[in-house]
Amino acid sequence: MGDIHIDDFYKDAARVLLVLYQYFPRPYTVYVEDISGPDEPDEYGLHSDRHQACFSTMIWLADAGLLRYVDNINKKAIDQAVLTHKALTLLTTRSEIRFQPDEEAMPPSVADEHASHVHQLRFAVKSGASFTIRRIMQHLLAESRKY
């Protein structure tokens with residue numbers, strides 16, 4: 001049995017990167033609930049472990065040099081977040097991992113776009129398969145050391 005918290009980390013990290021890619025180069029406020037789902041703080045105002053883990057994923061991505069942000073909003077969001085040069089370069093680079101077959105049947109421009117890390121990441125997140133998301137995120141994190 002896999003470590004569910006690591007699968008959640010990969011899923012959250014993938015979603016954050018895709019949201020920021022969608023808004024690039026504009027700074028964007030990324031809310032935890034938009035990434036990991038709704039959360040009700042307990043009677044003491046503390047968020048669930050899942051919410052806290054998602055927020056920590058955002059901070060970790062910043063510490064890893066994949067995004068930057070201006071401030072956090074009460075551990076509910078990161079404000080004015082944007083992908084770094086490293087992340088943009090990584091996401092737009094051709095991926096060695098392919099989840100979709102038949103690239104030969106596509107026009108060259110479409111095949112080239114489908115070969116990018118960001119397209120493979122979108123496909124993995126859309127599939128919802130933890131194994132697929134984990135595989136592309138492990139690959140992205142390993143590749144990020146080159147940038």
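The values are calculated or read from the model by the stated rules, or taken from the named source; none is laboratory data. All values derive from a computational prediction rather than experimental measurement. Don't worry about glycine lacking a Cβ; one is built from the backbone with ideal geometry, like all the others, and counts go over all protein chains shown. Side chains included, ligands, DNA and RNA excluded: accessible areas come from the protein's heavy atoms. Shrake-Rupley method; radii C 1.70, N 1.55, O 1.52, S 1.80 Å.
What to note about this one:
- Distance histogram for the stretch 16-147 (every C-alpha pair counted, 5 angstrom bins, percent rounded to whole numbers): 2, 10, 18, 20, 19, 14, 8, 5, 2, 1, 0, 0
- Here Glu96 sits with roughly 140 square angstrom of accessible surface, probe radius 1.4 Å.
- Nearest-0.05 FRET efficiency for Lys86 and Ile4, computed from C-beta distance (R0 35 Å): 0.80
- The GNM of the chain, with springs linking C-alpha atoms under 10 angstrom apart, assigns the highest mean-square fluctuation among Val70, Val19, Val118 to Val70.
- Label-reachable residues, the stretch 1-42, where backbone N falls under 12 Å from a point 7 Å from Ser130's Cα toward its Cβ: 1-11
- Anisotropy class of the stretch 1-94 from Cα gyration tensor, a/c 1.5 cut: oblate
- Förster radius 41 Å - calculated FRET efficiency between Arg68 and Tyr44 (Cβ-Cβ, nearest 0.05): 0.85
- Carbon/sulfur fraction of accessible area - the chain, other protein chains in place, 1.4 Å, %: 52 percent
- In nm, spacing of pseudo-spin labels at Tyr23 and Lys76 (7 Å Cα→C-beta vector): 1.5 nm
- Pairs of lysines in the chain whose Cα atoms sit within less than 20 Å of one another amount to 5, provided the residues are eight or more positions apart or on different chains.
- Only DSSP H runs of four or more residues enter the estimate; each adds -39500 (n - 2.57), and after division by the residues of the chain the mean residue ellipticity at 222 nm equals -17000 deg cm²/dmol.
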